[in-house]
Structure formats: C-alpha cells, structure tokens
Amino acid sequence: MQHSVKNNLVIGFIVSVLLSLFVNFSMLMLTYKMQSLDLPFRGRHSFGDEFLYYSLFWFFMYAFLLFMLNSQIYKLGDRLFHNKEYKTMLLAAVLTIVCGVALFLLYPGVQRFIMTDLLQMDEMFRADSFTVMERAPDMAVKPGPPDHRMAVTLSRGIDHPRPFLTEHLLILLTVLLSVLLIRLLNGKQQMMLEYEKLKTEKLQTSYNALMGQINPHFFFNSLNGLNSLIRNGEKEQTLTYLDELSNVFRYILQSNKKEMVTLAEELQFVKAYTYLLSVRYEGKLFFSIQAAPALLLCYLPILSVLPLIENAVKHNVISKQYPLQIDIYTTEEHALVVSNKVQPKVEEGHSSGIGLKNLWGRYRLLTGKDITISNRKEYFKVSLPLLDTPVKA
C-alpha cells in the first residue's frame, strides 16, 4: 500500500511538471525572447518573472491535485463497488471533473490574492494589455504612438480568466486519461503476476503428481531388484546396480530445483534407469537409445522420458515369449521419440492416461509446445520437441 502511494506521488509529480511546462510553453518562449532582446515594457513598470512563476506553479498544483484526487477516488470506488470497473470509472470521472471546475473558478481569486495583495503588483496586472517596444540602446523612447513593427502587446489580466479555460480543460482531460492508462497497465501487470502464480502452482501440482506416480512402485521394485542380486551373490553386478540406483535417486532429487535440462543429461539418467529395469526384466525388456550428437545440447523438461518408459512397462506384456523393445531416438525435426511395440495386457481395463496428461501439462507450461502422441495398432509413439535454448517457467 505504501509502495503504491509512493509510486502515485512520483508519477503525479512528473506528469504535473510536464503539463505545467506544456501549457506555459508560449509564455516561456516569449519571456525568453524578451529577455534575450532586452525589450522593456512601456510605462512605469517593467515586466517581471512573477506572473510566469505564478502560472507555472498554479498549473502544476492544479494537475498534481487532480492526479492524486483521481487516484484516490479509484481506490475508494474499488471498495464501494467491489471492483466493478465501470462504476468506479464513472465515480472517479464525475468527482474529478467537479473538483477541476471548482479549482478553475477559484483561479481569479487566487491570482488576485497572490499577485495583488502579496506581490503589490496591482496596477500592472489589472491592465488589459502591456506594450513592449524594441529600441537601440542609445535611443530614447519618443512620445507618441509606437511603431507597429517595433512593438509587442501582451493581453493578460486577472479580470479576464477565460483565456485560461483551454489550459485547465487540457490538464483535466490529460489527468483523467493518464490515471486511467496507469490503472489499466497496473491491472494488466497484476493479471500477469496472477497468471505466473497459477502457472507455478499448476506446474508444482503436476510435478507432485509425477513424483506420486513414480515413488510408490519404483522404489519398491528397485529394492526388490537389489535384494535379488544380493541373494544370487552377484557382487559386481550388485555394485553396478547400486551406482546406477544412486544416480537415479540423485537426478530425481535435483528435479525439484531444475526445470529444464539438456538432452545429454536426460539421456544419462535414462541409461541409469533402463539399467535397473533391464536387471529386473532380465532377457525380457530391451532398450535402444540413439541420439544425434548435434542435439545433445538441446533442452527439454526434466524427467520427460521417465513417465513414457513407465507407461510402456505398465501397460504392455513383458515375458520371454513376448519381450518388449523400447526405442529412444532423435529426429531431424529436433524431437526426441519414445516408441514401443503395443503388447496390451489381457486383464487390463481402460487406462486413465494420467501420466501422459501430467507430462503434456508440464511440457506445455515449460516450453509452450505440445507433445505428439501416435497410438497405432502396432506401435505407440510419443514425440517430445527439443528446444535450442532453455525457457524459464
């Protein structure tokens, strides 16, 4: 809240300064020309900078007060109308216009008070016009009517505020549009932040679902495979199995911190994971992993291949009579394909497809691309697009 008020003050100050300089631009230029040419006013009084300073200050305060007032009315409208935008905008516009008109009507009185009573400039600022003559430094001002080619006439007076109506109206409309534009930009930014928050929450939910899918049976089966090797007294294979198992655990633990990995990192994990499955399904499950060296530095979401392998193992018959071959390879279209022959289990019913849905959701959130699923009679293929550069979630 404090940060928002501070931002409004800074933005309001900047907008007010620019508007004040803009509406006083002609007077600034004229004052500069008069001072550079040393053009005096005809009469007892010489033209000073007091009126210019007053005009700059007045229009700055006019814009600043309207800006802050309009900003606060929007906040009040949000509380009163429960974020009904059209009602809030209507309330802010009406109240700001009323206050703008009231300040405009106060302008002559304030000018008279400051310029006349405080600065003792009654005679000069009550005059309807001031005439300025250009002359050479060594020439005296001669009596009589001034030469029209050598004179500049300024019409200013506190008794005639109407010439300032355009400036006040311009500032009022600019403030209304500026605050509305800032509000719309803040609303868009807030929507983006909420979207990113929902995106992160959905990604975390999808990741948790993936972990929940892996943990229950994977760790149990891994320990069973290790137990079998120990019972059979296969010391070397047991040590290799432990090394690969530790690599798998390490990679899975890292997945909570890393979202995108290179294809080389993912395939290194896949090789360790497939080794564990090969020991478990000895002589029944085979893997072929082929990747183009040029694509090894491409990126994909971490643990993208794991649910595809798990899906193939879960839904297909794996036996001596019906061994299962899983092929993992890259294509010229910068994609990684996981393919297996369809050998459906007889007792299995309709699959829920949760694993593929979670993978599709994660892939879509992290890369903005969709996976391609081809489910034909003989082969089931899933194609994962590879990215040249990592994309942050």
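The values are calculated or read from the model by the stated rules, or taken from the named source; none is laboratory data. Given the structure is predicted, the values throughout are model-derived calculations rather than measurements. Using ideal geometry, Cβ is built from the backbone for each residue, glycine included, and neighbour counts are taken over all protein chains shown. For accessibility, only protein heavy atoms count, side chains too; no ligands or nucleic acids. Shrake-Rupley method; radii C 1.70, N 1.55, O 1.52, S 1.80 Å.
Within region 71-95, the set of residues being under 25 Å from the mean Cα position of the chain (by Cα) and assigned to a helix (DSSP H, G or I) comprises S71, Q72, Y74, K75, D78, E85, Y86, T88, M89.
Within region 82-99, being of a type outside the set (S, T, N, Q) and either at pLDDT 90 or above or exposed (fewer than 15 other Cβ atoms within 10 Å of the Cβ) (or both) holds for H82, K84, E85, Y86, K87, L90, V94, L95, I97, V98, C99.
Of the residues G349, G355, the single one that is surrounded by fewer than 15 Cβ atoms within 10 Å (Cβ to Cβ), modelled with pLDDT under 85 and not hydroxyl-bearing (S, T, Y) is G349. Yes or no: region 364-385 includes at least one residue that is among the small types (G, A, S) and at pLDDT 85 or above. Yes, there is a match, as at least one residue in region 364-385 is among the small types (G, A, S) and at pLDDT 85 or above.
Within region 212-243, restricting attention to residues that are open to solvent by less than 50 Å² (accessible area, probe 1.4 Å) and of a type in the set (V, I, T), which residue is modelled with the lowest pLDDT?
First pass over region 212-243, keeping only residues open to solvent by less than 50 Å² (accessible area, probe 1.4 Å): 212, 214, 218, 221-222, 225-226, 229, 238, 241.
Now narrow it down to the ones that are of a type in the set (V, I, T): 214, 238.
Details: I214: 56, T238: 86.
Per the criteria, the residue is I214.
Contact map, region 365-378: first residue touching a residue at least 40 places away in the same chain (Cβ under 8 Å), second residue part of a helix (DSSP H, G or I), Cβ cut-off under 7 Å, separation 6 or more or different chains; pairs are L365/K199; L365/K202; L365/L203. Residue by residue through region 244-269, note down the ones that are assigned to a helix (DSSP H, G or I), open to solvent by less than 90 Å² (accessible area, probe 1.4 Å) and of a type outside the set (A, V, I, L, M, F, W, C). The answer is E244, S246, N247, Y251, Q254, E265, E266.
When region 282-308 is filtered for residues that are among the hydroxyl-bearing types (S, T, Y) and open to solvent by 40 Å² or more (accessible area, probe 1.4 Å), only Y299 remains.
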